1. Can you spot a residue in the range 115-138 that is in contact (Cβ under 8 Å) with a residue 40 or more places away in the chain and under 30 Å from Arg157 (Cα atoms)?
2. Which one of these is of a type in the set (A, V, I, L, M) and either more than 30 Å from Gln177 (Cβ to Cβ) or modelled with pLDDT under 95 (or both): Ala31, Ala84?
3. Right, Ala112: small (Gly, Ala, Ser), under 30 Å from Glu46 (Cβ atoms) and in contact (Cβ under 8 Å) with a residue 24 or more places away in the chain or not?
4. Could you count how many residues in the range 98-109 are under 25 Å from Tyr82 (Cα atoms), in contact (Cβ under 8 Å) with a residue 24 or more places away in the chain and among the acidic types (Asp, Glu)?
5. Output the qualifying pairs, or none if there are none: Cβ atoms under 8 angstrom, residues six or more apart or on different chains, first residue in the range 47-63 and among the aliphatic types (A, V, I, L, M), second residue not in a helix (DSSP H, G or I).
6. Within the range 145-155, work out how many residues are within 22 Å of Pro97 (Cβ to Cβ) and either out of contact with any Ser or Thr (no Cβ under 9 Å at 6 or more places or on another chain) or free of Cβ contacts under 8 Å to residues at least 12 places away in the same chain (or both).
7. Among the residues in the range 164-180, are any within 16 Å of the chain's Cα centre (by Cα) and in a helix (DSSP H, G or I)?
8. Residues in the range 74-97 that are outside any helix (DSSP H, G or I) and more than 20 Å from Lys154 (Cβ to Cβ): how many?
Amino acid sequence: MLDVHDPEHTPHSVRDFFIHIATIVVGLLLAVGLEQTVELIHHHREVVTIRRELAIEDTKNIKIFHNDEGYLDSTRQRVQAYLAILRHSLATKTPPPTILNIDPDYDDFQDAVFKAADRTGVLALMPQDEVAYVSDRYLNFTQVQDRVTEMFYKLDRAQAIFIADPDPTHLTIEQQQHLYSELTEVLGDLNSFHANFEGLVILYPQYK
C-alpha cells in the first residue's frame, strides 16, 4: 500500500486546497490500483499453476483409466467363463472343476490437486464453465470408482466360499446356485461399467 503524505506547505487559497485534495485522491487511486494489480497478477499465477497441475493429474488419470478399463474387461470375461462352468455343473448335477480367484487390481483415480484447488479457493478464480467441466469430470469418475469398489466387495463375498474350502468338488448344489446368483449380479455390474467407461470417453475425448 502506498503512503500519501501531506505536502510540506499548507494551501493558502481555494486553488491550492483543491490541488491538495486532488493530489491525495490521485495518490489513493494509484495505491488502490497498484494493490489490485498485484493481486490480479498473483491470482493469474495461481490459476496458471493449478491448470498445469490439473493437466498433470489428468494425464495420470488417463493412464489409470485405460489400465482399469482393461482390468475390468478381463474380470468381466473371467466371471462370464466361470458362470458358464457353473451352468454346466448345475445342469449335470456335478461340482465345478475349478474355483474362481480374482484379486482386485483396480487403481483409484487421483484427485489430490483438484481437492487442494477447491480447498484453497483457487477454483473460484477460474471461469465458472471451466470449473463446472472439471468438477463434473471428477464427480463422474468418483461415482464410477465407488461403484467399482462396491462390486469388488460383492465379488469377494462370492469368492469367500473358496476360502473356507478351496476344493470346488465339495460344493453342494445349493452352494453352486447361491454362487451363481452372486456372480450373476457381479457380472451385471461389470457390464454396466463397460457402458459407463464408453460414456466417459464420449464426455471426455482425451480419455479415448
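The values are calculated or read from the model by the stated rules, or taken from the named source; none is laboratory data. Everything numeric here is computed off the predicted structure, so don't read it as measured data. Positions of Cβ are generated from backbone atoms using ideal geometry, with glycine treated the same way; all protein chains shown enter the neighbour counts.
1. Checked the range 115-138: no residue is in contact (Cβ under 8 Å) with a residue 40 or more places away in the chain and under 30 Å from Arg157 (Cα atoms).
2. Numbers: Ala84 fails: either more than 30 Å from Gln177 (Cβ to Cβ) or modelled with pLDDT under 95 (or both).
Unique residue meeting the criteria: Ala31.
3. Details: small (Gly, Ala, Ser): yes; under 30 Å from Glu46 (Cβ atoms): yes; in contact (Cβ under 8 Å) with a residue 24 or more places away in the chain: yes.
Taking the combined requirement at face value, the residue satisfies it.
4. Kept after step one, since they are under 25 Å from Tyr82 (Cα atoms), are these residues of the range 98-109: 98-107.
Cutting the leftovers down to in contact (Cβ under 8 Å) with a residue 24 or more places away in the chain gives us 98-102, 104-107.
Right, trim to among the acidic types (Asp, Glu) and you get 105, 107.
Result for the range 98-109: 2.
5. The qualifying pairs are Val47/Val122; Val47/Met126; Ile50/Val122; Ile50/Met126.
6. Kept after step one, since they are within 22 Å of Pro97 (Cβ to Cβ), are these residues of the range 145-155: 155.
Next cut, either out of contact with any Ser or Thr (no Cβ under 9 Å at 6 or more places or on another chain) or free of Cβ contacts under 8 Å to residues at least 12 places away in the same chain (or both) only: none.
Adding up the residues that qualify gives 0.
7. Within the range 164-180, the first condition is being within 16 Å of the chain's Cα centre (by Cα), and the residues that meet it are none.
Within the range 164-180, none of the residues are within 16 Å of the chain's Cα centre (by Cα) and in a helix (DSSP H, G or I).
8. Number satisfying all stated conditions: 4.
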